[in-house]
Structure formats: structure tokens, C-alpha cells
Amino acid sequence: MVSHDEIRVGDAERDAVMVALHDHFAEGRLDRTELDERLESVLAARTRGDLRALVRDLPSPTGLPEPARDRHRHMVPHRRHMAHRHRHGPVFPVFPLLFAAFLVLAFTAGPGTGFLVVLQIALAVWVVRAVLLAFGIRRARRHAPGP
């Protein structure tokens, strides 16, 4: 088994460390010469240990992943945490339905009327969704365990 510091790094890890070094330079922890030397070493680094040696004397964030976080990254999330994932986007396809309604109304009643009706429908859907979200958040807070 390979130790954490012997794992090879890619460009993403090198870039993260270089950004952190620039941030530490901007905060006055490194002078220009130190920054240049460390940036050259980052580009030549092959393992996490090589990168860790370059940021060992700097406070977080260093651009390196924390070992504790790395261990748990590949673990399957607990069911309780999976239930609280947020959905991004509508449950059903609202935009295509509104577009279809606009087209039908634009050809039958005119584009101005179609636009206004579609706006009213979108507003109604938005208000209903906001009310449902507000009551959902209140219910979740009420049932949350206290300290």
C-alpha cells in the first residue's frame, strides 16, 4: 500500500498549491524570491510529499487536500445525508411547457397575449413553489434535533 505522501500529483493539485502560494505572497508571508523558488519546485513536484514540503511552513489553506477528507472521499454517504440532497431544476419540464403554451397562444391570440399569459403562468408556478419551499423549510426546522 502506498502512503499518502507517495501518491503522484497531477496538474490540478499543482495548480491549487500555486494559487495558495500566490495568496500567501499577497498576504506578505513570502517574498518574491521565495515565491519564485517555490513555484519552480511546484512545477517539478511529482508526489504529494513533494508539494507538502513546499507549504509545510505556511498556514491553511495550502492547496493540498486534507488527509482526513481524502480518506472519506471515496466512502458511500450515509442514507440520512443522501436524503437531504438538493434538486437543481424543476421536477417536471416547466420551460418546454411554457414555450409550447407561448407558441400556441402566439399563433391564436397574438404574440403579446401569449407572452403575458406565459408570464402569468410562470409567476403562479413560482409563487406555489416558493410557498411549498417555505413550508418545507419550516417543517424541517421544527423536526431538527436540538443541542
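The values are calculated or read from the model by the stated rules, or taken from the named source; none is laboratory data. From a predicted model like this one, the values you see are computed outputs, not experimental measurements. Keep in mind that these areas ignore ligands, DNA and RNA; they rest on the heavy atoms of the full protein, side chains included. Shrake-Rupley method; radii C 1.70, N 1.55, O 1.52, S 1.80 Å.
Listing for the model above:
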read-out: Residues within the range 1-15 that are farther than 12 Å from residue 52 by Cα and assigned to a helix (DSSP H, G or I), tallied; value: 3
read-out: Breaking point among (1) at negative phi; (2) at pLDDT below 80; (3) open to solvent by less than 80 Å² (accessible area, probe 1.4 Å), for residue 142; value: (3)
